[in-house]
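*Asks:* Just passing along the structure, written as structure tokens.
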Amino acid sequence: MENQENQSQPSRGIHPVDHHVGRAIRRRRKALGLTQLELALAVGKTFQQIQKYERGTNRVSASVLYDMATFLRCPIARFFDGIGNSEQTEPASMDDASTAHFLLTAEGAGLVRHFPTISSPDIRRKITELVKAIVADHRETSVEPLHGNGI
């Protein structure tokens, strides 16, 4: 006879909240330009354990999550942003998925890290307009995606 606790937990697979929290940890770590090893050393874990947390294959305990939030200089709640009452953790559209994928790249992390340091709102707006114009021009002249990974 199975224990009732076992019945309430899925027997396999990653819980969507664990996956969401892990991705949020990864985004914040990369936005700060930190390696998994640096985060691991700061919270007393191995980099392999950080990999498992970021993939959502291992759950992050409350105390480790607190240590991570402190080291990553963000509120713990940031790791749960976007879950809401429905616990939706996947992007709402392909554009959101593409954006999330881009933010995990070195270029995306660099953009997130450096763009806010441009103090002039006018310059930030002009850069944004330039990028939009490049994308629009590329869409008119090519059927291939602007980035090489097809996303």
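Just so it is clear, none of the values below were taken in a lab; they were calculated from the coordinates. Being a predicted model, the structure only gives us computed values, none of them experimental. A quick note on method: Cβ atoms are made from the backbone with ideal geometry, for glycine too, and the neighbour counts reach across all protein chains shown.
*Asks:* Search the structure for amide H atoms under 5 Å from the amide H of Asn58, placed 1.01 Å from N in the peptide plane, and list their residues when 5 or more places away or on another chain.
*Replies:* Residues meeting the criterion, in which the H sits 1.01 Å from N, are Tyr53.
*Asks:* Let me ask you something else. Counting only other residues whose beta carbon sits under 12 Å from that of Gln48, what net charge do I get with K and R as +1, D and E as -1? Let's see the in-between values first.
*Replies:* Details: positive: Lys45, Lys52, Arg55; negative: Glu54.
Charge balance near Gln48 sits at +2.
*Asks:* If you don't mind, another one. What order do you get for 47-59, 106-118 when each peptide is scored by the mean count of other beta carbon atoms within 10 Å, highest first? Each step should come with its number before you reach the end.
*Replies:* On the way: 47-59: 18.0, 106-118: 12.4.
By packing density, highest mean first, the sequence is 47-59, 106-118.
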